[in-house]
Amino acid sequence: MDGDFRTSFVREPGSLRQHPALVLNADYRPLSYYPLSLWPWQEAVKAAFLHRVDIVAEYDKVVRSPTRTIRIPSVVVLKDYVKPQRRVAFTRFNLFLRDEFTCQYCGSRGDLTFDHVVPRARGGITSWENVVAACSRCNLRKGSKSLRQAGMTLRRAPRRPGAGDLRDIGRKFPPNYLHASWLDFLYWDAELEA
């Protein structure tokens, strides 16, 4: 897989390629870390004019209308607090994020799929506790066998993640582009090293 292995998991709209705005909740924390909560600059300007956000930082670039000139927002804060979801949806993306985009058998980071630890053919169910990220090679090797029969072991036992768990894991995967004005807001609550 060429380039950054994460690009196949998060698709970036074309409008985010130039001057995206980091969106913070009313408590000044990003709505999400991975994918990072970003709006196209047009959405940020619109939300500011509708008084839904406060502009905290701006780019040096400006946009003009017939009557106004405005600097493009780089960081906006919602005026109303959005309560984070407590329940984590069981999706392919969240499963890969829980497993840190790593095969839970061999540790590789490419060509990921998912595997039932207890195969469905043997009564295994599709749940957080029975499904792991696996590379295609390991998935084919294991097939419908048990871990013991296949001679394989798991790096970590699968478990249901909490919303906080996924948020913390997502912070390990910063996006390819971080504007200098975002850094104070992305990692300000990280534990400092002694």
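The values are calculated or read from the model by the stated rules, or taken from the named source; none is laboratory data. If you're wondering where the values come from, they're calculated on a predicted model, not measured in any experiment. Cβ coordinates were reconstructed from backbone atoms using ideal geometry, including for glycine residues, and neighbour counts include every protein chain displayed. What goes into the accessible areas is simple: the full protein's heavy atoms, side chains included, and nothing from ligands, DNA or RNA. Shrake-Rupley method; radii C 1.70, N 1.55, O 1.52, S 1.80 Å.
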Legend entry - GNM result for the chain, Cα springs below 10 Å: residue of Q85, Q104, Q149 fluctuating most strongly: Q149
Legend entry - Separation of alpha-carbon centers, region 109-132 and region 12-71, rounded to whole Å: 39 Å
Inset, instruction - Quick one: compute the contact order of the chain, relative version, from alpha carbon pairs under 8 angstrom and 6+ residues apart, as a percent. - result: 21 percent
Inset, instruction - Kindly report the accessible area of the chain per residue (heavy atoms of protein chains, probe 1.4 Å, no ligands, DNA or RNA), in Å². - result: 62 Å²
Legend entry - ³J(HN,Hα), Karplus 6.51/-1.76/1.60, whole Hz, each residue of region 109-118, x for Gly, Pro: 10, x, 6, 7, 9, 10, 9, 7, 4, 8
Inset, instruction - Please give the peptides 93-102, 118-127 ranked by average Cβ packing (other Cβ atoms within 10 Å per residue), highest first, as a rough proxy for protection. - result: 93-102, 118-127
Legend entry - Residue-averaged 222 nm ellipticity for the chain, from DSSP H runs of 4+ at -39500 (n - 2.57), nearest 500: -5000 deg cm²/dmol
Inset, instruction - Could you give me the radius of gyration and the Dmax of region 85-126, taking only the C-alpha atoms into account and expressing both in angstrom? - result: 11.9, 34
